[in-house]
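Engineer: Pasting a structure here, questions to come.
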Amino acid sequence: GEIQKHLLQEACVLTSPNGALAKPEFCLQPSDAWRELLETPGRPPAALGNDFEFAHSAIAPCFADILNQIGVADLQAEDILACLRDTAWLEARTDEWFFRLFRELSCLEANTLEDVKIIPAVVLGHKNREILACTDHPVYFRPDKDGAKALRAIPAWLRKAKPVAFLPKPLQRLIDECDDHEKLREWITEGLGVYPFTPGKYCVDVLDYLQ
């Protein structure tokens, strides 16, 4: 009782990665997977450090219940989304990192993520990867042979007016080669708005754009 009340007001929780002490209300406990994704070497996402800190990995697993009792909350979906809104930080992440991110996000009870810029994509005709949301313009899985043939038939002026963006090849390969690739692809479509590329889907997207 009294000790707990006292600790709530004190900077008594060891945080990572710097080992500083912080008040419990400013600290969160992530799962191992989310800690690995968000506690990146160098610069972490802006929310981690500005909005909250992570309880240090040296204490979090062993003292999870005690940390909860003194006011250290578990990491929630909204905290993760706060981290993911740091586009400059996302731009420095690898395709393998995004693959792990999508697998973890698919397990979250989060609202639609279609307006969040978390999809690495290459716009047709451009070399550099961008971080997009499907509300910016459509992002597709990489086309099969029939899709590639249809893609070549789209007039250049239309591709310029309505850009076509695809997932990077390495990321698509990681998705397609994982054990639960069908389930993951389905979630990426439902949760992020990334669809298989077909002429029909592109025409629908173009009509939406023209309206």
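Engineer: Considering only residues that are of a type in the set (Phe, Trp, Tyr) and without any contact (Cβ under 8 Å) to a residue 60 or more places away in the chain, which ones fall in region 181-208?
Structural biologist: Within region 181-208, the subset of a type in the set (Phe, Trp, Tyr) is 187, 195, 197, 202.
Tyr195, Phe197 - these are the residues of region 181-208 that are of a type in the set (Phe, Trp, Tyr) and without any contact (Cβ under 8 Å) to a residue 60 or more places away in the chain.
Engineer: Could you check how many residues of region 4-43 are assigned to a loop (DSSP other than H, G, I, E, B) and either among the charged types (D, E, K, R) or open to solvent by less than 40 Å² (accessible area, probe 1.4 Å) (or both)? Please lay out each step first, then the result.
Structural biologist: Residues of region 4-43 that are assigned to a loop (DSSP other than H, G, I, E, B), as a first pass: 9-12, 17-20, 23, 30-31, 39-43.
Imposing the further condition that a residue be either among the charged types (D, E, K, R) or open to solvent by less than 40 Å² (accessible area, probe 1.4 Å) (or both) reduces the set to 10, 19, 23, 30, 39-40, 43.
Residues in region 4-43 being assigned to a loop (DSSP other than H, G, I, E, B) and either among the charged types (D, E, K, R) or open to solvent by less than 40 Å² (accessible area, probe 1.4 Å) (or both): 7 in total.
Engineer: While we're here: Would it be correct to say that Asp115 is modelled with pLDDT under 95 and more than 15 Å from the chain's Cα centre (by Cα)?
Structural biologist: Working: modelled with pLDDT under 95: yes; more than 15 Å from the chain's Cα centre (by Cα): no.
Spelling it out, it is not the case that Asp115 is modelled with pLDDT under 95 and more than 15 Å from the chain's Cα centre (by Cα).
Engineer: Could you count how many residues in region 157-184 are within 21 Å of Glu130 (Cβ to Cβ), open to solvent by less than 70 Å² (accessible area, probe 1.4 Å) and either part of a helix (DSSP H, G or I) or of a type in the set (A, V, I, L, M) (or both)? Don't jump to the end; show me each part of the working.
Structural biologist: Step one: of region 157-184, the residues within 21 Å of Glu130 (Cβ to Cβ) are 158-175.
Now restrict to residues that are open to solvent by less than 70 Å² (accessible area, probe 1.4 Å): 158, 161-168, 170-172, 174-175.
Now drop any that are not either part of a helix (DSSP H, G or I) or of a type in the set (A, V, I, L, M) (or both), which leaves 158, 161, 164-165, 167, 170-172, 174-175.
The number of residues fulfilling the criteria is 10.
Engineer: Could you list, in sequence order, the residues of region 50-84 that are surrounded by 15 or more Cβ atoms within 10 Å (Cβ to Cβ) and in a loop (DSSP other than H, G, I, E, B)?
Structural biologist: Correct list: His56, Ser57, Ile59, Ala60, Phe63, Ile70, Gly71, Val72, Leu75.
Engineer: Just one of (1) farther than 25 Å from Asp179 by Cβ; (2) hydrophobic (A, V, I, L, M, F, W, C); (3) assigned to a helix (DSSP H, G or I); (4) under 11 Å from the mean Cα position of the chain (by Cα) trips up Phe102, so point out which.
Structural biologist: (1)
Engineer: Counting only residues that are in contact with a helix residue (DSSP H, G or I) (Cβ under 7 Å, 6 or more places away or on another chain) and more than 29 Å from Pro41 (Cα to Cα), which one in region 126-148 is surrounded by the most Cβ atoms within 10 Å (Cβ to Cβ)? Even if it seems obvious, please write down each step before you answer.
Structural biologist: Initially, region 126-148 is screened for residues in contact with a helix residue (DSSP H, G or I) (Cβ under 7 Å, 6 or more places away or on another chain), giving 131, 134, 138, 141-143.
Filter once more, keeping what is more than 29 Å from Pro41 (Cα to Cα): 138, 141-143.
Working: Pro138: 24, Phe141: 18, Arg142: 18, Pro143: 18.
Checking each candidate, the answer is Pro138.
Engineer: If you scan region 185-211, which residues turn out to be among the β-branched types (Val, Ile, Thr) and either farther than 19 Å from Ile118 by Cβ or part of a helix (DSSP H, G or I) (or both)? Spell out the reasoning first.
Structural biologist: If we filter region 185-211 for residues that are among the β-branched types (Val, Ile, Thr), which is where we start, we get 188-189, 194, 198, 204, 206.
If the condition is that a residue be among the β-branched types (Val, Ile, Thr) and either farther than 19 Å from Ile118 by Cβ or part of a helix (DSSP H, G or I) (or both), then Ile188, Thr189, Thr198, Val204, Val206 are the ones that fit.
The values are calculated or read from the model by the stated rules, or taken from the named source; none is laboratory data. Since the model is a prediction, treat every value here as computed from it, not as a measurement. Because the Cβ atoms are built from the backbone with ideal geometry, glycine has one as well, and the counts that use them run over all protein chains shown. The protein model used for the area step is the full one, side chains on, heavy atoms only, and it has no ligands, DNA or RNA in it. Shrake-Rupley method; radii C 1.70, N 1.55, O 1.52, S 1.80 Å.
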